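Everything below concerns the one structure shown next.
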Amino acid sequence: KRHRSEMMRALDRLLRFISIAIIPVFVIMFAKQYFFLHTGLEYAMSSTVAAIIGMIPEGLYLLVSVALAVSVISLARSKTLVHELSCKSAEALETAHCVQTVVMDKTGTITEGCMEVLETIPVPGMEGGALAELLGSFTAASGEDNATAQALRARFGALGGGWQPKAAVPFSSERKWGALVLKDGDEYILGAPEIVLGGGYAAFWGTVEPQLAAGRRVLVLARGHGVLEGGTLQHDPQALGFVVLSDKIRADAPATLAYFKAQGVDVKVISGDNAVSVAEVARRAGVEGAEHYLDMSRVPEDADLRGAEQAHAVFGRVTPQQKRALICALKDTGRTVAMIGDGVNDVLALKDADCSIAMAAGSEAAQHVAQLVLLSSNFSAMPQIVKEGRRVINNIERSATLFLVKNIFSFVVSLVLLFAAMPYPLVPAQISLLSGLLIGVPSFLLTFEPSYGRVRGSFMRSVLLNALPGGLVNVVNLLAVMWIGSGMGLPMEQISTVCTLLAGTAGFMVLLFLCWPLSRWRFAIVAAMGGGFIGACVLLGPLFGLSPLSGRAWTLLGVFAAATPALMCLFVFLVSRVKQRLRRSQRAKHAAGLSATLS
């Protein structure tokens, strides 16, 4: 299923609201100005159009598309494939920046995924050469092609052979074993010792446990007669010997895990291998809390895992269904969860994760399901994905704030003027001047800036709260200037010009506020936009509907321009108090929900 990201859903809701609201506003405002205020057809139409244009975040969707396209290109340079630009890139990049928990498979993620046979351990009475021949015959006849089978084939492929089984049970991550049934009725089973041997595993505990504690993988080859029925083990077979395999930890894994720790991101390791072995590999790689592991083979398949995901960092003998259940349990606590996997057994968990990432060296099924694919199967690309997600969301959030300042003041002023005996003070050319130099151009230039700070809170709520001070300053200035200017007897052309210049002053302050602290690039943008606005007003005034001002109009402009910084500071302070209350409320809700979940 394709899901729109939270950011894109918020923008869709904004556009739907605006599309519905502008129709009655247009009709009522035009009728009021033309029939009741008698402004004339030309001014009634142009001022109404200006009000409607001011409510539309023109260019915002184009800006978001450009920002996402640039991020996709940047990730491609880091050998990371984003499947689709429109949906999956927005969802993946948006969730990547706010990931709180990363769940990863051990094999192929923390480790290189290339298994190597270290040694064989035959049981008493079994010769090492005979065990090697049996393993060679089993591997050749099974036809498996996973990493374990490749390692066995590389070591024992030249030995044994000639088996023509009449039936086979392929290996699966759910069973943890595979089997062959020969024509004489002998059954050979290769898989996890504790699963295959059942009650007989206790006799070999001292042999297997030291290997697991060293982070190695151990398989048992067992033989039986009549122990298989319907693809399940009905009795405990006889152990013939054990195979010890190892997988190297990726050289970049410790640094990547250290990055997640520094960013406050929890790491959970899940694997179908023995929990003791997985925990040791995780500990050596640098996973925090790796000593807290859980053997999922002892947990019922339909067990409620809420609480277990908080108490443990490593999970062994995990089935595909349990991987999915762990992802859902983490999401139920309100955490944003990313899943990294490479096998078919990871598909269910990848589909349910907020952000899904697959290794190109893994199965095609995992790659098709995942939102992002690491083409070089390089785990060290993860920090770049997180940084790119933060950069694009931070820049889109800042640019959207510039757009919504205009939308807020246009919408509020229009609503007030529906019930006041005053015409809308701006014309389309003046709206275009404000939109171009104080919104469109700077938002486009700021989209490409590095910005890797952690994003907090809801996208649309953050954008609205950041835009609110600038929008309210414009509302107060425009309504006050219209009321005072009308009382002073100023012509509508001069009132419109004063309103445009004050809106430009407030827009410049919003741009300066969003660019603070100023870097060289940000300073250049702010200076260029401020200079461009002044130059356009002085040199191209008639083109943008600006008229010369009288002495009284200059006085009115000076008073409100001087008061604008103080008014801006007041609204910024009030909005900051609202933000603090919302954060406290959100933390309290999260704590209450987490407490209820754990209890």
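Quick one: net charge around M126, please, counting Lys, Arg +1 and Asp, Glu -1 for every other residue with C-beta under 12 Å from its C-beta.
Cβ neighbours under 12 Å give a net charge of -1.
Just reorder D342, D266 by solvent-accessible area, largest first, 1.4 Å probe, all chains present.
D266, D342
Taking region 149-285, how much of its Cα-Cα pair set, in percent, is spaced more than 22 angstrom apart?
Cα-Cα pairs of region 149-285 separated by over 22 Å account for 47 percent.
Taking Cα centroids, how far is region 381-398 from region 404-423 in Å?
Here the two parts' Cα centres lie 35 Å apart.
Considering only protein heavy atoms, what per residue accessible area in square angstrom results for the chain with a 1.4 angstrom probe?
With all protein chains present, the chain gives 43 Å² per residue.
Quick one: check the C-alpha center-to-center distance for region 493-559 versus region 258-337, whole angstrom.
Result: 56 Å between the Cα centres.
Ignoring ligands and nucleic acids, what accessible area does M45 show with a 1.4 Å probe (Å², nearest 10)?
Taking all protein chains as shown, M45 has close to 80 Å².
At 30 Å minimum axial length over the Cα atoms and a Kyte-Doolittle cut of 1.6, report the qualifying DSSP H helices in the chain, or say none.
492-515
Would you mind checking the pairs K79/K176; K261/K331; K166/K248; K106/K387 and listing those with alpha carbons more than 25 angstrom apart?
Long pairs (Cα-Cα over 25 Å): K79/K176; K166/K248.
Residue separation times 0.36 nm, minus the C-alpha to C-alpha distance between T232 and E127: what's the value?
34.9 nm
With a 1.4 Å probe and all protein chains in place, put S432, S399 in order of accessible area, largest first.
S432, S399
Just want to confirm a number: the relative contact order over region 62-198, from Cα pairs under 8 angstrom separated by 6+ residues, in percent.
13
How much FRET efficiency would the formula 1/(1 + (r/R0)^6) give for D186 and K248, where r is the Cβ-Cβ distance and R0 is 30 Å, rounded to 0.05?
Between D186 and K248 the formula returns 0.25.
Would you tell me the accessible area of R250, worked out with a 1.4 angstrom probe on the heavy atoms of the protein chains, in Å² to the nearest 10?
Accessible surface of R250 is approximately 40 Å².
Over the chain, calculate the relative contact order: mean separation of alpha carbon pairs under 8 Å at least 6 apart, over the residue count, as a percent.
Computed over the chain, the figure is 16 percent.
Using unit Cβ charges (K, R positive; D, E negative) and no other charged atoms, how large, in debye to the nearest 20, is the dipole of the chain about its Cα centre?
The dipole magnitude comes to about 2480 debye.
Beyond 20 Å, how much of the Cα-Cα pair distribution for region 482-586 remains, as a whole percent?
53
Leaving ligands, DNA and RNA out of it, report the carbon-plus-sulfur percent of the accessible area of region 288-432 at a 1.4 Å probe.
For region 288-432, the apolar C and S fraction of the accessible surface comes to 53 percent.
With N set to the residue count of the chain, report its C-alpha Rg divided by 2.2 N^0.38 Å to two decimal places.
Against the empirical 2.2 N^0.38 Å value, I get 1.32 for the chain.
Summing +1 for each Lys or Arg and -1 for each Asp or Glu, what net charge is found among the other residues whose Cβ lies under 14 Å from the Cβ of G185?
My count for the surroundings of G185 gives -1.
Give the relative contact order (percent, whole number) for region 410-524; include only Cα pairs under 8 Å separated by 6+ residues.
It rounds to 39 percent for region 410-524.
The values are calculated or read from the model by the stated rules, or taken from the named source; none is laboratory data. If you're wondering where the values come from, they're calculated on a predicted model, not measured in any experiment. As a convention, Cβ positions derive from the backbone with ideal geometry for all residues, glycine included, and neighbour counts pool all protein chains shown. All accessible areas refer to the heavy atoms of the entire protein, side chains included, with ligands and DNA or RNA removed. Shrake-Rupley method; radii C 1.70, N 1.55, O 1.52, S 1.80 Å.
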